[in-house]
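Quick notes on the structure that follows.
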Amino acid sequence: MDKLSSNVITQVAIVVRDIEKTARHYAELFGMEMPPIILTDPQEKAHTWYQGQPTPARAKLAFFRMGSLSLELIEPIGSPSTWQEFLDTHGEGIHHIAFQIEDMDKAVQFLEGRGMRVVQRGDFTGGCYAYVDATSQLGTMIELLAHDQS
């Protein structure tokens with residue numbers, strides 16, 4: 001692999017302290033309906049790993065469809081997680097940009113070969129994700145999203 005399988009940004013994510021309040025502000029600002037707020041699955045189902053260890057961390061999520069991409073709001077619940085670390089270190093703000101990819105293992109290997117380290121991984125209904133610390137190379141964390149090929 002000499003490049004990621006996609007260069008299309010599918011999502012920009014913002015870590016927030018109060019997802020209900022922030023989602024309400026976005027909905028009002030853009031004249032949109034308030035999206036449902038969902039809770040990520042527990043570790044036993046999501047197989048969430050952070051810094052190489054299983055973690056009970058979960059998050060509340062809200063997704064706004066904004067043209068060709070989604071704006072994701074994330075409120076961490078429990079820790080440790082990349083979301084909580086970001087909130088503790090930087091406060092609220094843009095946590096990552098996400099790319100839809102075809103093969104998670106190949107994409108992770110490709111990025112790790114370029115000095116970018118996976119900090120959190122997990123599963124969700126229909127696929128899996130990995131957060132890769134690309135801050136020193138790209139100025140931000142990136143998320144890889146792979147959907148099941150069913």
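Among the residues of segment 1-17, which ones are within 17 Å of the chain's Cα centre (by Cα) and open to solvent by 40 Å² or more (accessible area, probe 1.4 Å)? Answer for segment 1-17, where residues must be within 17 Å of the chain's Cα centre (by Cα) and open to solvent by 40 Å² or more (accessible area, probe 1.4 Å): ASN7, VAL8, ILE9, ARG17.
Any residue in segment 49-69 that's under 16 Å from ASP123 (Cα atoms): show its pairings with residues that are in a strand (DSSP E or B) and of a type in the set (Ser, Thr, Tyr) at Cβ separation under 7 Å, as long as the two are six or more apart or on different chains. Qualifying pairs under 7 Å: ALA57/TYR50. Would you mind stating whether GLN84 is polar (S, T, N, Q) and at pLDDT below 95? Answer is no for this residue.
Can you name every residue in segment 72-89 that is in contact with a helix residue (DSSP H, G or I) (Cβ under 7 Å, 6 or more places away or on another chain) and either surrounded by fewer than 16 Cβ atoms within 10 Å (Cβ to Cβ) or within 18 Å of THR140 (Cβ to Cβ) (or both)?
Looking only at segment 72-89, we keep the residues that are in contact with a helix residue (DSSP H, G or I) (Cβ under 7 Å, 6 or more places away or on another chain), and these are 73-76.
LEU73, ILE74, PRO76 - these are the residues of segment 72-89 that are in contact with a helix residue (DSSP H, G or I) (Cβ under 7 Å, 6 or more places away or on another chain) and either surrounded by fewer than 16 Cβ atoms within 10 Å (Cβ to Cβ) or within 18 Å of THR140 (Cβ to Cβ) (or both).
For segment 21-67, name all the residues that are in a helix (DSSP H, G or I) and surrounded by 14 or more Cβ atoms within 10 Å (Cβ to Cβ).
Keep residues of segment 21-67 that are in a helix (DSSP H, G or I), which gives 21-30, 43-46.
The answer is THR22, ALA23, TYR26, ALA27, GLN43, ALA46.
The values are calculated or read from the model by the stated rules, or taken from the named source; none is laboratory data. Being a predicted model, the structure only gives us computed values, none of them experimental. Cβ atoms come from the backbone with ideal geometry, glycine included; neighbour counts cover every protein chain shown. Accessible surface is based on the protein model in full, side chains and every heavy atom, while ligands, DNA and RNA are left aside. Shrake-Rupley method; radii C 1.70, N 1.55, O 1.52, S 1.80 Å.
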